[in-house]
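The structure under discussion appears below in the form of structure tokens.
The values are calculated or read from the model by the stated rules, or taken from the named source; none is laboratory data. Not measured: the values here are computed from a predicted model. A quick note on method: Cβ atoms are made from the backbone with ideal geometry, for glycine too, and the neighbour counts reach across all protein chains shown. In case anyone asks, the SASA skips ligands and DNA or RNA and just uses the protein heavy atoms, side chains included. Shrake-Rupley method; radii C 1.70, N 1.55, O 1.52, S 1.80 Å.
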Amino acid sequence: MKFTKLLTGAALAVGLATGAYADDQEKTKVGFVFVGPVGDGGWTYEHNQARLAVEEKFGDKVETVYVESVAEGPDSERVMTQMALDGADLIFTTSFGYMDPTINVAKKFPNVKFEHATGYKQAENVSTYSARFYEGRAIQGHIAGKMTKSNIVGYIGSYPIPEVIRGINSAFIHARKVNPDVQFKIVWAYTWFDPAKEADAAKVLIEQGADVVLQHTDSTAPQAAAQEAGNVITFGQASDMSQYAPLPRVSSIIDDWAPYYIARTQAVMDGTWTSGNTWDGIGAGMVGIGEISDAVPADVKAEALALKDSLADGSYHAFTGPLNKQDGSVFLAEGETADDGTLAGMNFYVEGIEGDIPL
Amino acid sequence: MDLSAINPILFVAGFFVAATPLIFAAIGELVVERTGVLNLGVEGMMIIGAICGFAVAVETGSPLLGFGAAAIGGAVLSLLFAFLTQVMLANQVASGLALTLFGLGFSALLGQSYVGVKPPRMADMNFGPLAEIPVIGPVFLSHDIIVYLGLALVACVWAVLKFTRAGLVLRAVGENHDAAHALGFKVKRIRTLAIMFGGACAGVGGAYISLIRVPQWTEGMTAGVGWIALALVVFASWKPFRLLLGAYLFGGLVQLQLNLQGAGVAIPVEYLAMSPYVITIVVLVFLSRSKSAAPGSLGRIFHASS
Amino acid sequence: MIALVKRPEPSRVFSLAAPVLAVLATMVFGGLLFAILGKDPLLAIKTIFWEPVFGEFAFFYRPQLLIKGAPLVLIAIGLSLGFKAGIWNIGAEGQYIMGALFGAGVGLAFYPAESALIFPLMVLAGALGGWLWAMIPAILKVRFGTNEILVSLMLVYVAEQFLASMSLGLMRSPEGMGFPGSRNLQQYASAHNADLITGSGMHWGVVAAFIAVIFAYVLMARHRLGFAIRVTGDAPRAAAFSGVNPARLVLFCLGTSGLLAGLAGMFEVSGPAGQVTIDFNVGYGFTAIIVAFLGRLHPVGILLAGGLMALTYIGGDIAQSKLGLPAAAIQVFQGMLLFFLLAFDLFTNYRLRFGRAEVV
């Protein structure tokens, strides 16, 4: 057994040598592992746009490769290994479920840099990065609170995970701030991707009186449902969805990974890449706020933009006390802001949201 | 919890839209299975219909033309299945699964340039003053023409199967292909036509999702509706009107689940989400006490040995 | 006029030649597709079929073939028994999930105790999970005559919801920062289904797949039960006369296929996958149906078909990353391969006769 172990080790080492060093002189090779198809119009689509931005920025100096619709688990581990063997210098793995596979593969290829999106496990050659989408949610919440007439805001969640719950809380806090009567109706679709179900969820929320629909799912189905119903506003998610502007889509949260991907690729080229944990928001440009349309009254738009600026320059944090948890216990004292650890694992609603987080 | 938030009229009206893709796909498959052929490729044909319909509607600006193209696209794809199973005598289960795989891939290739495009909108039917009738108006008379076409199609299939000679021949082929052949019927020709009809219907069902229900194009957007349609046919024990009932049950349970959530009823969502399937199984058990009406030759390969 | 004439015996030559012809035809038409997409067709085909087995990094891909192929073969073997007897278990995907949940559940329940008994217990639990899930359609069919195709298919969706519920609730890792998904069993020695020889890809699931192939071969060729299965599939009425108990056959076939699918899920979750997550199942249960038919429901055929499917998956991913082919093109390619394999199978059982159709 030992002998074979030695053999595989040697073979892997050979792989490493040919992989990581062979192309160093010519091009920097950047790999992307995508969880969905690049044509999903949402999460993976935006990551692929950023990949194209990297190509455009560096031209001949860079070569990008990608594999789409890679299942989490052993398939992703194989694809990452394959990219590393083929000489990738930097590999972006763009789904939470790739976390352990990324760490596993990174151990075998100490000279290849890995970037894992939305995870929390780092290593010498593994960085993590994520976007503070909740900052964008704060702006949506503000607009929603101001614009709702029925005081019912619908929210379509995917799965009850911290990322989604954080968004709900952030939107709710800022909606309540400007409208003490506002209520959130939350529907969990329990799918990452099923446009028909998203359409149903949006219709149900609208039928139940919501005149603002926020979505944490990527299809334009809720936009279309809102347009059909009339007098309902929505926000683009993942991409701008400007084809539904100015109404029902009044603004959007855009995933913009391009600045980060370009910076990290540059760092690998310069040899200055170090492992880290990046959690960027509006300020760094990772979270884009789509143009606020004219359907929003000028004063509300101005307030929203001011909020955006204060979030961007860091003078305001979306989770600033005094805030209580749903059960009435203290979450943040006056003036206190939530730390990243609490935000990352957020699994409770703030005070005022009705209903329980399903488990 | 606030059940009064659920508007019963809108709730019931929502059934029609939710059920329409299912009705189209399932009624087509019902006819196919009545001739003794089991085509598991419904999902593949639906998604091909979804992209064909979407592309043509976007290019021409006419959703109706889109639906026409969807029917053609689904039928053309189904010809592949017909060729495999009727000419090459391949196993139907495997051919159907392969068709789904192929359809999903091929539709993604066709649709590459249509991601993020907004299709032209289909207007609802105008029933004039009739639509103003309380309850009946908003529930039954507030939909687009495809919804009514779907209902008409179910009625047509029922009538043809029950009253016409064509229906008799079709059923004879499905019950016992050897006997039908002996009587001089062209078993393969009849089955091929049925398969194409099934493909066309599935295509329209897919286009209903991409053009009206969602509406947008993304890869894999039918997300399993084709499989539910297959289940629905068996659920309906191959009877058109039971199929209608089943489609509303399936569509309705999803609606109910979402409505209850919106009203704040605290039931674990996973268990709500699995309820349509569990209920189907229970209903199925009750239905199967009356002898199942499965076509006698379903899934069997026919080759005239003379 | 061309007519088909049934051969008295399946042609041995064609049963071997048909798959080769099918692969060649796929290369031609697939190459055409790749050319249309603007890629070098020869290079693409070489990447898919040659690279994983004989390419520069074959030392890595060959073990991956075992990892990818084992669950397919294990499930397909179980399904083939029922398919032969005309018992249609379409819900192996659900049984695979339940096997994984039961197996992982036992492992997680013992965490962090270390004992050599934990893994065998997990294997039993996994098998039990799959078996129980398959018993639902089996008992309903025996008791009420309910259609097993539909019930087993419906239960896939139910199992998927259970999986989501477990990953978000009961089995969620307490150290997972609130994210869905269980602890990683790869980091829990007693529950880890590790490679028997590091880097070889040979984990217990692969061993189980090979054992299942042999078991099925012996069963079908030598055992009375195998005879009963074949007779029931060919002529159900004759089977009843020859003393086959149809109810017991249904229970056996569905039970065995569920058990094997459950095992496959359990070996996957404790080995290559490592954890229970919402998206744990990737369609092995459905692909295995195709594998079973491609292998003509014969154990050795299934082994080869499983290998071929695994090859196209792995080669397809390589082609994506090396040549920039979209995943959809690979899917179409796989679809073509299946079409041709199914179509050319015709010549195993039939031959062509040219000339005028004879008057009967």
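Quick grid of which residues meet (1) within 14 Å of chain B (Cβ to nearest Cβ); (2) modelled with pLDDT of 90 or more:
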{"residue": "A:Gly157", "(1), (2)": "yes, yes"}
{"residue": "A:Val178", "(1), (2)": "no, yes"}
{"residue": "A:Lys185", "(1), (2)": "yes, yes"}
{"residue": "A:Lys197", "(1), (2)": "yes, no"}
{"residue": "A:Gly209", "(1), (2)": "yes, yes"}
{"residue": "A:Gln215", "(1), (2)": "yes, yes"}
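For segment A:40-64, residues that are within 11 Å of chain C (Cβ to nearest Cβ) and open to solvent by less than 10 Å² (accessible area, probe 1.4 Å) total 1.
What residue, among those in segment A:334-347 that are part of a loop (DSSP other than H, G, I, E, B) and more than 10 Å from every other protein chain (Cβ to nearest Cβ), is least open to solvent (accessible area, probe 1.4 Å)?
Taking the candidates together, the pick is A:Ala338.
Of the residues A:Ala344, A:Ala312, A:Ala338, only one is of a type in the set (A, V, I, L, M) and more than 15 Å from A:Gly167 (Cα to Cα); which? None of the others qualify; the one that does is A:Ala312. The residues on offer are A:Pro180, A:Pro246, and the sole one that is without any contact (Cβ under 8 Å) to a residue 24 or more places away in the chain, under 16 Å from A:Met147 (Cβ atoms) and open to solvent by 30 Å² or more (accessible area, probe 1.4 Å) is A:Pro180. Among the residues of segment C:315-325, those that are surrounded by 23 or more Cβ atoms within 10 Å (Cβ to Cβ), within 7 Å of another protein chain (Cβ to nearest Cβ) and of a type outside the set (S, T, N, Q) comprise C:Asp317, C:Ile318. Just one of the listed residues (B:Gly96, B:Gly73, B:Gly128) is of a type in the set (Gly, Ala, Ser) and in contact (Cβ under 8 Å) with a residue 60 or more places away in the chain, namely B:Gly73. For segment C:197-242, filtering for residues that are farther than 14 Å from C:Val73 by Cα, open to solvent by less than 10 Å² (accessible area, probe 1.4 Å), in contact with a Pro (Cβ under 8 Å, 6 or more places away or on another chain) and more than 14 Å from chain A (Cβ to nearest Cβ) leaves 1. A:Gly141 meets all of the listed conditions (1) in the same structural domain as A:His47 (by TED's automatic domain parsing); (2) surrounded by 24 or more Cβ atoms within 10 Å (Cβ to Cβ) but one, namely (1).
Only one residue in B:Gly49, B:Gly116, B:Gly137 is away from chain C (no Cβ under 14 Å), modelled with pLDDT under 85 and open to solvent by less than 10 Å² (accessible area, probe 1.4 Å), so which one is that? It would help to see each step written out before you state the result.
Working: B:Gly49 fails: modelled with pLDDT under 85; B:Gly116 fails: open to solvent by less than 10 Å² (accessible area, probe 1.4 Å).
Result of the check over B:Gly49, B:Gly116, B:Gly137: B:Gly137.
Yes or no: B:Gly66 more than 13 Å from every other protein chain (Cβ to nearest Cβ) and part of a helix (DSSP H, G or I)? So B:Gly66 fits the description; yes. Take the conditions (1) closer than 29 Å to A:Ala221 by Cα; (2) in contact with a Gly (Cβ under 8 Å, 6 or more places away or on another chain); A:Ser158 misses just one of them, which is (2). If the condition is being modelled with pLDDT of 90 or more and more than 10 Å from chain A (Cβ to nearest Cβ), then segment C:166-188 contributes C:Met166, C:Met171, C:Ser182, C:Arg183, C:Leu185, C:Tyr188. Could you please find all residues in segment B:243-295 being in a helix (DSSP H, G or I), within 12 Å of chain C (Cβ to nearest Cβ) and of a type in the set (S, T, N, Q)? Selection gives B:Gln257, B:Ser275, B:Thr280.
Note on segment B:207-229: among residues that are more than 11 Å from chain A (Cβ to nearest Cβ) and open to solvent by less than 10 Å² (accessible area, probe 1.4 Å), the one that is farthest from B:Gly36 (Cα to Cα) is B:Ala207. Only a single item in (1) in contact with a Lys or Arg (Cβ under 6 Å, 6 or more places away or on another chain); (2) at pLDDT below 95 is not met by A:Asn125, and it is number (2).
Each row is one residue, and each column tells you yes or no for (1) assigned to a helix (DSSP H, G or I); (2) at pLDDT below 90; (3) closer than 19 Å to C:Ala58 by Cα.
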residue: A:His47; (1), (2), (3): yes, no, no
residue: A:Arg51; (1), (2), (3): yes, no, no
residue: A:Phe58; (1), (2), (3): yes, no, no
residue: A:Thr64; (1), (2), (3): no, no, no
residue: A:Glu77; (1), (2), (3): yes, no, yes
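Take the conditions of a type in the set (D, E, K, R), crowded, with 24+ Cβ neighbours inside 10 Å and over 18 Å from C:Tyr61 (Cα atoms) and apply them to A:Asp100. Does it pass?
It is false that A:Asp100 is of a type in the set (D, E, K, R), crowded, with 24+ Cβ neighbours inside 10 Å and over 18 Å from C:Tyr61 (Cα atoms).
Mind checking which residues of segment C:269-303 are farther than 30 Å from C:Ser190 by Cβ, within 14 Å of chain B (Cβ to nearest Cβ) and not hydrophobic (A, V, I, L, M, F, W, C)? Break it down into steps so the answer makes sense when it comes.
First, pick out the residues of segment C:269-303 that are farther than 30 Å from C:Ser190 by Cβ: C:286-287, C:289-303.
Within this subset, residues satisfying the condition of being within 14 Å of chain B (Cβ to nearest Cβ) are C:286-287, C:289-298, C:301-302.
Those that are farther than 30 Å from C:Ser190 by Cβ, within 14 Å of chain B (Cβ to nearest Cβ) and not hydrophobic (A, V, I, L, M, F, W, C): C:Thr287, C:Gly295, C:Arg296, C:His298, C:Gly301.
Taking the conditions (1) open to solvent by less than 10 Å² (accessible area, probe 1.4 Å); (2) touching a residue at least 60 places away in the same chain (Cβ under 8 Å); (3) within 14 Å of chain A (Cβ to nearest Cβ) in turn, C:Ala58 satisfies each one other than (2).
Determine which member of the set B:Val87, B:Val58 is open to solvent by 10 Å² or more (accessible area, probe 1.4 Å) and within 10 Å of chain C (Cβ to nearest Cβ).
Values: B:Val58 fails: within 10 Å of chain C (Cβ to nearest Cβ).
Within the list B:Val87, B:Val58, the selection yields B:Val87.
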